[in-house]
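Note sheet for the following structure.
Nothing in this text is a laboratory measurement; each read-out follows from the coordinates by a stated rule. Owing to the predicted nature of the structure, the values given are computational and were not obtained by experimental measurement. Glycine also receives a Cβ, built like all others from the backbone with ideal geometry; neighbour counts cover every protein chain displayed.
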């Protein structure tokens, strides 16, 4: 490689020195004008900036210095002697460009703050500050319960008597020496709101599930309620729901219609509609709005209702559809209720339920989760273990294990009849129980198949009886019209299939008639549970034929568990209980408890 001439090397060295002198001179001049300023920010203000903002300023500073250096370099090529005037002019121009770049970077950082994408605010959303410490969560606190002094002063013996007489079993993994006392009287609710007390005008005292659950729900705890249908569960979770939303500090922006704060999921359309009706009675006086979302009807009205809804009552399928469309936003939900959880799992909604829960904030970010169920099978336990944090389990009734049992207030009668004589016997029973003053008593007639329900409804209508029907072949409007007519008493007879077995909540049903026995004994218990609600007595009459003998053993067990008489004709079919099989694995499938630790098997040598 040829060596450079001495003159060329000297010129290069002189240009380097000139560049450094120009750069140093410009820096000194800017520092002299503002000694405490660095990139437009004082040292004191710089200390208050976040880590991300300091990084942006440092980057801008480097950009400015590089710009000045580039300007000096460019000047040098034109004037090797390095005139101060031309160098400083070019350097000043480069500095202005660097300043614009710095301001643009800061503006971008401010925009990220507003959108919540700035690392500082992303850390806040996750509950961690920029320096790694915990910060207060954006979600409101659930724990705002203070026990009424009058309740506190009650003798412990009175509390124990209330719990034992109502068969209330409370299992709290966080149990303390002073557990929360049940709210045994409406006066202990500590509220002056007439709107909150209005739903209880017709009740003397809270139901057992309400009394036991309210203190824990007001305290923000996750709760599992195992109670029979018709035990007042809707108001048990409805009152704490309204209180929670009213406690939200940012409620005003949600009143402008951005996203929901509470979601209640139920298995059937009818049940969703009825829950919505009761929630509206609580929400309207509080200035809140509730939307009801279910299948079988157009989506557009539901999309519109969701925009302004603080509370969403929904069935799993339709809610998932709207979530996938981006219409239902559950990112602000802090109160989640799974009603009739066992029924939803029976209907195969587990995947939909898990998807819904995954779109809500986690329990660590403040979500309160409630699960109400009539039974406590292994599938429900596993779901609770997945999405709930140290939940309080409250079991109502003399069945703390949550095994399938019929309501003991319901008188059960089973008549073994000839299959060809069922309709004539049905007509006799209706005339017997709707005679005289009881002519307008509501009677619910259950059939197994849709065509059977249509035939029975037509048969009763030809006999001059006022009757309506509800089954899967009817549109949602037709089903709701029939249900409303039955509720109002305009039509005292309603013929239904099992689609309505868990969805009807009508306290005035005097009699349930099973024309055909259902496919499972679980459905039988849910059918007869439509009577004897809200603490009242009920009657259920079942017409049993030889075609149903495979269910005789299971039915006999249900009757015995409820201390009901077992007719000899039924015993003749046998007491063997058919083993419940799995859809995929057959009769030998065992639903084992996955939460238990595995045991090691050792073999002898």
Spin-label point model (7 Å from Cα, Cβ direction): what's the residue 174 to residue 329 distance in nm?
-> 3.0
Expected unfolding gain across residue 519-residue 160 under the 0.36 nm per residue rule, minus the alpha-carbon gap, is 125.1 nm
Kirkwood estimate for segment 317-367, i.e. one over the average of 1/r between Cα atoms, Å | 11.6
Unit Cα scatterers, Debye sum, segment 410-571: log10 I(q)/I(0) for q = 0.11 Å⁻¹ = -0.40
Using a Förster distance of 25 Å, the FRET efficiency for residue 204-residue 281 (Cβ separation, nearest 0.05) | 0.85
Which distance in nm do the two modelled labels at residue 382 and residue 187 give, with both placed 7 Å along the Cα-to-Cβ direction?
-> 4.9
Stretchable slack from residue 427 to residue 96, in nm (0.36 nm times residue separation minus alpha-carbon distance) = 109.6 nm
Residues 498, 171, 329 arranged by fewest to most Cβ contacts within 10 Å = 171, 329, 498
Given R₀ = 41 Å, FRET efficiency for residue 390-residue 484 by Cβ-Cβ distance, to 0.05?
-> 0.45
Computed label-point distance, nm, for sites residue 568 and residue 305 using a 7 Å Cα→Cβ extension | 5.6
To the nearest 0.05, what FRET efficiency results for residue 455 and residue 475 with a Förster distance of 22 Å applied to their C-beta separation?
-> 0.65
So what is the relative contact order for segment 338-468, in percent, with contacts set as C-alpha pairs under 8 Å and at least six apart?
-> 18
Ranked by how many other beta carbons lie within 10 Å on average, peptides 559-567, 285-293 from highest | 285-293, 559-567
Sorted from largest down, what three extents in whole angstroms do the Cα atoms of segment 149-396 have along their principal axes?
-> 55, 41, 33
